[in-house]
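Notes to accompany the following structure.
The values are calculated or read from the model by the stated rules, or taken from the named source; none is laboratory data. These numbers come from a predicted model, not from an experiment. FYI the Cβ positions are ideal-geometry reconstructions off the backbone, even for glycines, and counts take in every protein chain you see.
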Amino acid sequence: MHYLSSPESFELLPGVPEGIKLLNEHEFKVIVVTNQSGIARGYFTEKILEKIHQRMTDDLRRYGAYETENRPKRKKYIEGGDTMRSAE
């Protein structure tokens, strides 16, 4: 399974910044929720996640778009299996 583990690998999908900008212009809140089981599995650190999120914010701003809030949802990885549970 692929995990985005570096800011350099981050890419906005085509049409996403324009769609978010349109939502911004119509005063909708744009909340980004991401599943971060890669942190629990040790594939990357929270510091790297912060850099990835900053890259996303910077890329969106180049289009005049922004997220209202960013909510990473962390999962705890139970050793020996693929069972995940919310850390919140």
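Numerical summary
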| item | result |
| --- | --- |
| Residue within the stretch 27-35 that is part of a loop (DSSP other than H, G, I, E, B) and surrounded by fewer than 10 Cβ atoms within 10 Å (Cβ to Cβ) present | yes |
| Single match in 47, 21, 29, 51 (criterion: in contact with a strand residue (DSSP E or B) (Cβ under 9 Å, 6 or more places away or on another chain) and of a type outside the set (Ser, Thr, Tyr)) | 29 |
| Selected residue [farther than 15 Å from residue 69 by Cβ and assigned to a loop (DSSP other than H, G, I, E, B)] from 42, 19, 38 | 42 |
| The listed residue being at pLDDT 85 or above, surrounded by fewer than 15 Cβ atoms within 10 Å (Cβ to Cβ) and of a type in the set (D, E, K, R), out of 69, 50, 79 | 50 |
